[in-house]
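*Asks:* Below is the structure I would like to discuss, written out as structure tokens.
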Amino acid sequence: YDAYEEVVKAKHFLEKRYGGVVLTYAYPYSFITDGQIKYLQGTHIGARAGDDGQVMLKAEHNVDWYRIPSFVATTDTDIVTYKRMIEQAVEERAWVVLMIHAIEGIGSGYEPIPQEVLKGVLDEITKKNIWVAPFGEICAYWRAQKIVETAMRENKTENIVWNVPAFF
């Protein structure tokens, strides 16, 4: 097992192949090693982990950027479960990452979410006017927000010092 190859070389391969910048990582099978984290800290702004029992992330939480939990969507997860989660996230002003591997009838993948359930989730999100974006975009926004909040608390002046990762 070579964490460097899995993290850094894969990032460079994807960037070269698709012409974009890879800022985030998803652990294969949600399996996390110290080696992965070591290389991720120098090359990525965040990494999506699996469901550790706590998937609601609030602004006041200290975030481990390399173990951001996610709700693992499965074929059997019903719309009521998603609606409750969305309602809770709105009430608690929390972030929730949905890990959806596949959509039923579109290609193949682990635990495809039924199309009618996905449509119901999207309808619910639309009704509540919730911001939905790819993991990397939200991770970048949230990490930048945390940097600004920390700088404002620490400096209490108009001269804010930004402590951003070199690759940010």
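*Asks:* Can we say Val7 is in contact with an Asp or Glu (Cβ under 6 Å, 6 or more places away or on another chain) and hydrophobic (A, V, I, L, M, F, W, C)?
*Replies:* No.
*Asks:* Also: From the residues in region 47-74 that are polar (S, T, N, Q) and at pLDDT below 90, which one is nearest to Tyr27 (Cα to Cα)?
*Replies:* Gln54
*Asks:* Oh, and also: Condition test on Val63, is it in contact with an Asp or Glu (Cβ under 6 Å, 6 or more places away or on another chain) and among the β-branched types (Val, Ile, Thr)?
*Replies:* It is false that Val63 is in contact with an Asp or Glu (Cβ under 6 Å, 6 or more places away or on another chain) and among the β-branched types (Val, Ile, Thr).
*Asks:* Now for a different question. Could you please find all residues in region 1-14 being open to solvent by 40 Å² or more (accessible area, probe 1.4 Å) and part of a helix (DSSP H, G or I)?
*Replies:* Hits for region 1-14 are Tyr4, Glu5, Glu6, Lys9, His12, Phe13, Leu14.
*Asks:* Okay, moving on. Mind checking which residues of region 50-65 are within 20 Å of Thr81 (Cβ to Cβ), among the aliphatic types (A, V, I, L, M) and either part of a loop (DSSP other than H, G, I, E, B) or open to solvent by 30 Å² or more (accessible area, probe 1.4 Å) (or both)?
*Replies:* Listed by number, the residues that qualify are Val55, Met56.
*Asks:* Oh, and also: Name the single residue that is modelled with the lowest pLDDT among those in region 146-165 being assigned to a helix (DSSP H, G or I) and open to solvent by less than 70 Å² (accessible area, probe 1.4 Å).
*Replies:* Among those that are assigned to a helix (DSSP H, G or I) and open to solvent by less than 70 Å² (accessible area, probe 1.4 Å), it is Asn155.
*Asks:* Taking Ile130, is it open to solvent by less than 70 Å² (accessible area, probe 1.4 Å), in a loop (DSSP other than H, G, I, E, B) and β-branched (Val, Ile, Thr)?
*Replies:* Yes; evaluated as a whole, the condition is true for this residue.
*Asks:* Let me ask something additional. Being open to solvent by 70 Å² or more (accessible area, probe 1.4 Å), within 30 Å of Thr33 (Cβ to Cβ), of a type in the set (S, T, N, Q) and within 19 Å of the chain's Cα centre (by Cα), is that true of even one residue in region 88-98?
*Replies:* No: zero hits.
*Asks:* Further question on the same structure: From the list Tyr29, Tyr110, Tyr39, Tyr82, which one is in a helix (DSSP H, G or I), of a type outside the set (S, T, N, Q) and open to solvent by 70 Å² or more (accessible area, probe 1.4 Å)?
*Replies:* Result of the check over Tyr29, Tyr110, Tyr39, Tyr82: Tyr29.
The values are calculated or read from the model by the stated rules, or taken from the named source; none is laboratory data. Remember, it's a predicted structure, so these values are computed and weren't measured experimentally. Cβ: placed from backbone, ideal geometry, glycine included. Neighbour counts: every protein chain shown. We work out accessible area using only protein heavy atoms, side chains counted, and drop any ligands, DNA or RNA first. Shrake-Rupley method; radii C 1.70, N 1.55, O 1.52, S 1.80 Å.
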